[in-house]
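**Student:** One structure, as structure tokens, below. Some questions next.
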């Protein structure tokens with residue numbers, strides 16, 4: 001029997017703007033991770049209408065009550081998430097996957113047995129960076145990560 005993938009959405013740096021294109025790109029995800037600089041709790045409420053959402057505070061989220069670090073086990077994988085504006089001793093968490101935001105630069109890096117993912121920025125365009133988010137497919141503890149470029153003007 002073939003296992004269906006478990007779909008995970010990863011978004012960051014919305015800065016009070018949840019684009020309709022981002023909502024469409026996250027449809028069908030079974031869980032969503034927001035890697036900080038949320039801007040407003042209503043962003044998380046809207047994401048939770050799609051799927052359960054885990055969120056961390058970023059450097060622009062001083063007035064929001066989200067943790068600085070989250071570590072969750074999803075489909076047998078330990079996922080560590082923090083925004084990236086402060087030091088985290090990652091080895092304390094034994095992660096399989098590390099999600100950060102902050103730089104607005106999307107990247108996927110396999111570093112030995114740890115996959116590192118920055119989904120980029122899905123909010124207002126900044127620093128001439130593309131507007132992006134990411135999706136993960138998890139099948140039998142293997143992760144396939146994809147950066148999704150949002151078609152925005």
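We did not get these values from a lab; they are worked out from the coordinates using the rules stated. Just so it is clear, the model here is predicted, and its values are computed rather than measured. Note that we place each Cβ from the backbone using ideal geometry, even for glycine, and neighbour counts take in every protein chain shown.
**Student:** Looking at residue 97, is it farther than 19 Å from residue 15 by Cα, under 14 Å from the mean Cα position of the chain (by Cα), buried (at least 18 other Cβ atoms within 10 Å of the Cβ) and in contact (Cβ under 8 Å) with a residue 24 or more places away in the chain?
**Tutor:** Numbers: farther than 19 Å from residue 15 by Cα: yes; under 14 Å from the mean Cα position of the chain (by Cα): yes; buried (at least 18 other Cβ atoms within 10 Å of the Cβ): yes; in contact (Cβ under 8 Å) with a residue 24 or more places away in the chain: yes.
Yes; evaluated as a whole, the condition is true for this residue.
**Student:** Here's another thing I want to ask about it. Test each condition in (1) surrounded by fewer than 18 Cβ atoms within 10 Å (Cβ to Cβ); (2) farther than 14 Å from residue 11 by Cβ; (3) within 13 Å of the chain's Cα centre (by Cα) for residue 146 and report the one that comes out false.
**Tutor:** Condition not satisfied by residue 146: (2).
**Student:** I'd like to know if the range 16-39 contains one or more residues that are part of a loop (DSSP other than H, G, I, E, B), touching a helix residue (DSSP H, G or I) at 6+ places or on another chain (Cβ under 9 Å), touching a residue at least 40 places away in the same chain (Cβ under 8 Å) and on the phi > 0 side of the Ramachandran plot.
**Tutor:** yes
**Student:** So, of the residues in the range 1-14 that are surrounded by 20 or more Cβ atoms within 10 Å (Cβ to Cβ) and in a loop (DSSP other than H, G, I, E, B), which turns out to be nearest to the chain's Cα centre (by Cα)? I'd like the intermediate steps shown before the answer.
**Tutor:** Going through the range 1-14, the residues surrounded by 20 or more Cβ atoms within 10 Å (Cβ to Cβ) turn out to be 8-14.
Now restrict to residues that are in a loop (DSSP other than H, G, I, E, B): 12-14.
Numbers: 12: 6, 13: 9, 14: 11 Å.
Filtering first and then ranking leaves 12.
**Student:** Can you pull out the residues in the range 108-123 that are exposed (fewer than 14 other Cβ atoms within 10 Å of the Cβ) and either closer than 18 Å to residue 83 by Cα or in contact with a helix residue (DSSP H, G or I) (Cβ under 9 Å, 6 or more places away or on another chain) (or both)? Working first, answer last.
**Tutor:** Taking the range 108-123 and keeping what is exposed (fewer than 14 other Cβ atoms within 10 Å of the Cβ), we get 109-113.
Within the range 108-123, 109 is the sole residue that qualifies.
**Student:** What residue, among those in the range 42-60 that are in contact with a strand residue (DSSP E or B) (Cβ under 6 Å, 6 or more places away or on another chain) and part of a loop (DSSP other than H, G, I, E, B), is surrounded by the fewest Cβ atoms within 10 Å (Cβ to Cβ)? Walk me through how you get there before you give the answer.
**Tutor:** Our first condition is that a residue be in contact with a strand residue (DSSP E or B) (Cβ under 6 Å, 6 or more places away or on another chain); within the range 42-60, this holds for 44, 47, 51-56.
Right, trim to part of a loop (DSSP other than H, G, I, E, B) and you get 51-52, 56.
On the way: 51: 16, 52: 10, 56: 25.
Once the filter is applied, the top-ranked residue is 52.
**Student:** While we're on this one: Taking the range 131-153 as the region of interest, how many residues are assigned to a loop (DSSP other than H, G, I, E, B) and either under 18 Å from residue 84 (Cβ atoms) or in contact (Cβ under 8 Å) with a residue 60 or more places away in the chain (or both)? First the steps, then the outcome.
**Tutor:** Here is the first cut: in the range 131-153, the residues assigned to a loop (DSSP other than H, G, I, E, B) are 140-141, 150-153.
Next, from what is left, pick out any that are either under 18 Å from residue 84 (Cβ atoms) or in contact (Cβ under 8 Å) with a residue 60 or more places away in the chain (or both): 140-141, 150-152.
Residues flagged as assigned to a loop (DSSP other than H, G, I, E, B) and either under 18 Å from residue 84 (Cβ atoms) or in contact (Cβ under 8 Å) with a residue 60 or more places away in the chain (or both) within the range 131-153 amount to 5.
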